[in-house]
Each structure stands twice: as C-alpha cells, then as structure tokens.
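Encoded as structure tokens, the structure appears first; notes follow it.
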C-alpha cells in the first residue's frame, strides 16, 4: 500500500514536472493549535498553485520544532516561542530558525454558567491555579470547592497560560490535567465548581467566559493586547524563507490568508 | 519435492517467529537507551519516590510516585470489580449455563474485549463520570472510581475466558472422584474444582491486571489527570500511561522530560513484565501439579 502510494506520488511528481516544469513539496509540522490555520491555508495555496504539494502534520509545537532542527520539515508551527535550548540545538545543527507571527490567540477563562463570578484578576487566577485559593467564596462566590482544570504541562496552551497568568509558578498538584481544549470545555460545561482555560475558538454558550481584569476576551482586545491572556502563534522557517516557502508565508500574511485565520477560529493580525 | 518446499518454509517461519524476539529486544533497547539518561538528572530514589511531577517547571521535578500510585490505585479498584464479575461469569458459564446459553453468553463477553478503548473512554467521560458526579455529589466525576469501574469492565473478558479455560483444564476424573466420595455439586466445586483450577484462575487475574495497568486511552479520558497522591477513590488520579500519552507529543526531543517519559515507560514495562513472569510461573507449576506436563 505504502509502496503504491509512493509510486503514485512519484508518477504525479513526474507528471507535474512535465506539465509545469517544476514540482515542489512543502512539509509543515507542529502545534495542534496552529494546525487548522496551516491546513486551511495549505488547501487554498495548493488550489492556486497546482504544482505545489503541501503536507500538514500535527504532533505538537515541540515535535514541529524538533523536525525543523532535524530538517525533516520546512515550516514548524508553534503556539509558543522557541526555547533557548531549542535555539541552541538548532544552531548546533546548522539551522537558523526565523519566527513569523501568523495570528493571535486569546486564552479565555471559562466557568460553569451557574457560577455567579463574572470577573477575576490575573492575581486571583494565579492564586486559584497555584493552590492558594480553593473555594469560590474566597473570590466572592458561593461556598463551593473549586475544581481546577488545566491543559497538560507540555502543551503550548499550558505554556502560554503559565507565562501569562501564573508567572511560571507551579500549578497545584490536584489540578486536573486535560489533553485537549475540547476536554476542558466539556468538563466545565458539566461541573458546577469548575474553572478552566481554552483558546478563544472554544468559547460556547454552554460555558461562561469571564472578564479578566475587567477586560472581555474579544478579538479587538486581544489584537490591542489589552486582554491580559493573549499570545501570538508562530511559523518557524530555517533561515529567511525562500522560493515557495516564502510565497506560502506571504500568502498566510496576505488579506486572503488572514481571512482563513479567522475561519480557523483565531484572530487575524489586521 | 516435499523436501524442497520444507527447506524454504522452515527458515521463513523460523524467521517470522524470531521477528517478535527482535521487536521485543528492540523495544527494550530503546526504552533503556532513552530512559536511562534521566538518572543523570535525578537519582533513582528521587525518580521513583519523588512526590512532585513538574516536568516543564524551572527547575523541573521528576517524581513519579503519584503516577505509580495512581496506576496501582486504579488497578486495585478495577480488580475489586473485575475479579468477582470475571470469575463469577466463568463459574456460571462452566458450571451452570447449559450449552445453548453458553454459546450465546461467551461470544458476548468476548465482544467486550473487541470494543476499542477510546469508545470505553468516551462512554465513561460522557455518561459514567457525570452520573457518578451527581449520584455521589462529588466536585468532579473524572476520578479513580470512574476509571476503576470502566477498566474493570474492560478486563472482564480477559479474566473470564482465561478462568474458564482453567476450569476446563481440570481433569474430569477429579470431579468424578469427588462425586464418587459422596460430595455434592457445591462441595465438589468449592473443594475440588476451584482449588485444582486455582493457579489457572490466579493467572487469569494477573493477566487481567496486566491489561489494566497498560490501558492508556481510557484512563487519559476518565481518570481526571491530577498528579497527586490519591487519598480516596473519589480523587482524580494520573496513571503512568496517561502521562506518557499526554506529554510525549510536546516534550522536547532529547530533553530530561523526554527521557523521564521513557523511564516511566521502562517502569511500566518492568511492572507488566513481572506480572507476566509471575503468571507464567504459576501456570507452569499448576500444569505440572495436575500431571499435564509442560
């Protein structure tokens, strides 16, 4: 099967070589947060440029960056900036990572709709997540135990939240670590005492997104960075992008590409 | 002609049989190679006995005691559910059910084994967890109890069919001898058949435990995922398998976190390996005792 697949790719490649005179492949790998953006733009880009093949894979920010360093992908998507270790590693292997911000993402703090709390300060959120506050009455709510939901410590969303809200302090040990945004949204929906955080695309009418420091989690407030829990989403290339990779990055940053970013549930840069 | 084809087939099948050995050795090699470097960062005692799992914090902490206890806690709970149900159904199928009932029930129990674990996980997350949350009035339904119940159900087919095999292995002469001495059916069952099949039943239980310890997707979805030392069955827990599955995708390749996850894999491998060896030893002794040879 795989052989057949490879052969057909080869035939396709040769065919397009004959037709267009050139066949190019771009491999994109990395963050599942950025995946929808990469996927949508890749489809549109391939429609406009039939001689280009783009493969898009998830796996996580760390995986994408590792692939970029190993030169097994052309573009690494990431929901966080590269770590110092990763940059050192890359340079040691002769790779010069260049960051491109392609979109903005906001982390919304969500509660069960029955919760009376409408606003929390960043400090209150930090105290809840680090274990200094464990009951809703301590922040002006009813006398109920707080069920703290977090993303896994290795996820990009956790890392962004940890930096933006927790000042890199440790999350309390009894926090429930969830593997996806959707899992957090679903659990908050059904758990009266729960608090969780998700990407802005996961806010629904079944959960209550609260204001942070009295700022609502909206597109405008994230773009202007008045909303405290906002973060950029990245695509990394090896060196300044050239050729088709440059065309693709330019496409995402164009008006058309940024519309796709919005379609994917994130916030365009313009 | 026959000789010639045999000459070809022998090494082919021999090679295939050895392929599993190669896979096993390869896996063990990689587990050690990728797992051992963590002990350059923390020592074995800090790793296995440490109470805090903060793999990405600065400085990182790699204590997997809460994860080990999470796994053992869930396994204990699952066994409390699965042993009575699994052994009970094996006894029913073997002793009480007639041929027709048995030919319906046994395939049904075996279908349980064929349901993908993510389906169990989804069922637990959407139905069992909210149900227990309301029933017991606990803050969150994703806890050790929910995971134990679902894993218990998942292990029933393993325990039941192996235990039934063990009962079938008891030679007919044992039973006949017991009846001949005037024992009734109940006495024969409890004093002759079950003791004779005892080690086979123990093997069934241990292999069921092995299944529970290694289960990943279901616990990832229903156990809650809090890396805290469990105090009750209503606490959320984070078993070892769920930790590896949730974090491997995002861990920086070659980092201490990455090696720590492999080392957890190594610990899991040693635990399930121990279970399998114990099961093997028990079943071997048992067959010898019954005079069935190896």
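Derivation of every value follows stated rules applied to the coordinates shown; laboratory data play no part. No experiment lies behind these values; they were computed from the predicted model shown. Neighbour counts are summed over all protein chains in view; Cβ atoms, including those assigned to glycine, are modelled from backbone coordinates with ideal geometry.
Specify whether the C-alpha gyration tensor of chain B places it in the rounded, prolate or oblate class, a ≥ b ≥ c being the square roots of the eigenvalues: rounded for a/c under 1.5, otherwise prolate if a/b is larger than b/c and oblate if not.
Oblate, since a/c reaches 1.5 and b/c is not below a/b.
To the nearest whole number, what is the average tally of beta carbon atoms from other chains within 10 Å of the beta carbons of peptide B:251-257?
Average per residue, whole number: 6.
Report, largest value first, the span of the C-alpha coordinates of chain A along each principal axis, in whole Å.
Principal extents (Cα only, largest first): 72, 40, 39 Å.
What list of whole percents do you get for P(r) of the range A:48-89, with Cα-Cα distances grouped in 10 Å bins up to the one holding the largest distance?
Percent of Cα pairs in each bin: 27, 49, 19, 5.
What is the packing order of peptides B:149-156, B:76-83, taking the mean over residues of other C-beta atoms within 10 Å and listing the highest first?
Peptide ranking by packing, descending: B:149-156, B:76-83.
For residue B:118 and residue A:168, what is the calculated FRET efficiency with R₀ set at 35 Å and r taken between the beta-carbons, to the nearest 0.05?
About 0.55, to the nearest 0.05.
Work out the mean other chain Cβ neighbour count within 10 Å for the residues of A:210-221 and drop it here as an integer.
Across A:210-221, the average partner-chain Cβ count within 10 Å equals 0.
Quick one: length gained pulling residue A:242 to residue A:116 fully straight, 0.36 nm per residue minus the C-alpha distance?
40.1 nm
Can you give the average number of partner chain beta-carbon atoms within 10 Å of each beta-carbon in peptide A:163-173, as a whole number?
2
Please pull out the direction-averaged projected area of the protein assembly as shown, using the convex hull of its alpha-carbon atoms, in nm² to one decimal place.
Mean orientational projected area (the protein assembly as shown, Cα hull): 35.0 nm².
Neighbour counts of other C-beta atoms within 10 Å: give me B:193, B:219 arranged from fewest to most.
Placing the least packed residue first, the sequence is B:193, B:219.
May I have the pair-distance distribution P(r) for the range B:178-294, computed from all Cα-Cα distances with 5 Å bins from 0 and rounded to whole percent?
Pairs per bin, as whole percents: 2, 10, 13, 14, 14, 11, 9, 8, 7, 5, 3, 2, 1, 1.
So, R0 is 56 Å and r is the distance between the beta-carbons of residue B:39 and residue A:269; what FRET efficiency does that work out to, to 0.05?
With a Förster radius of 56 Å, E is 0.75.
Measuring from a point 7 Å past the Cα of residue B:76 along Cα-to-C-beta, which residues in the range B:195-219 have an amide N at less than 18 Å?
Inside the label zone: B:206, B:209-210, B:212-214.
With each pseudo-label sitting 7 Å past Cα toward Cβ, what's the residue B:28-residue A:99 distance in nm, one decimal?
4.6 nm
Could you give the nm distance between label points at residue B:187 and residue A:189, where each point is 7 Å from its Cα heading toward the beta carbon?
So the label points at residue B:187 and residue A:189 sit 6.1 nm apart.
Sort B:106, A:71 so the one with the fewest other Cβ atoms within 10 Å of its own Cβ comes first.
Neighbour counts put them in this order, fewest first: A:71, B:106.
Whole number please: convex hull volume per residue, Cα atoms of the range A:127-270, in Å³.
Measuring per residue, one finds 134 Å³ for the Cα hull of the range A:127-270.
Between residue B:101 and residue B:58, what is the spin-label point distance in nm, taking each point 7 Å from the Cα along the Cα→C-beta axis?
Distance between label points: 6.7 nm.
Most exposed first by the Cβ proxy, i.e. fewest other Cβ within 10 Å, how do A:237, B:216, A:226, A:211 rank?
Listed from fewest to most nearby Cβ atoms, that is A:226, A:211, B:216, A:237.
If I take the Cα coordinates of the range B:1-148 and project them onto the principal axes, what are the three extents in Å, biggest first?
For the range B:1-148, the Cα spread along each principal axis is 70, 53, 26 Å.
If the viscosity is 1.567 mPa s and the temperature 4 °C, what translational diffusion coefficient in µm²/s does Stokes-Einstein give for the range B:230-279 when Rh comes from Kirkwood over Cα pairs?
In µm²/s, the coefficient rounds to 104.
If r is the Cβ-Cβ distance from residue A:43 to residue B:285 and R0 is 56 Å, what FRET efficiency results, to the nearest 0.05?
0.35
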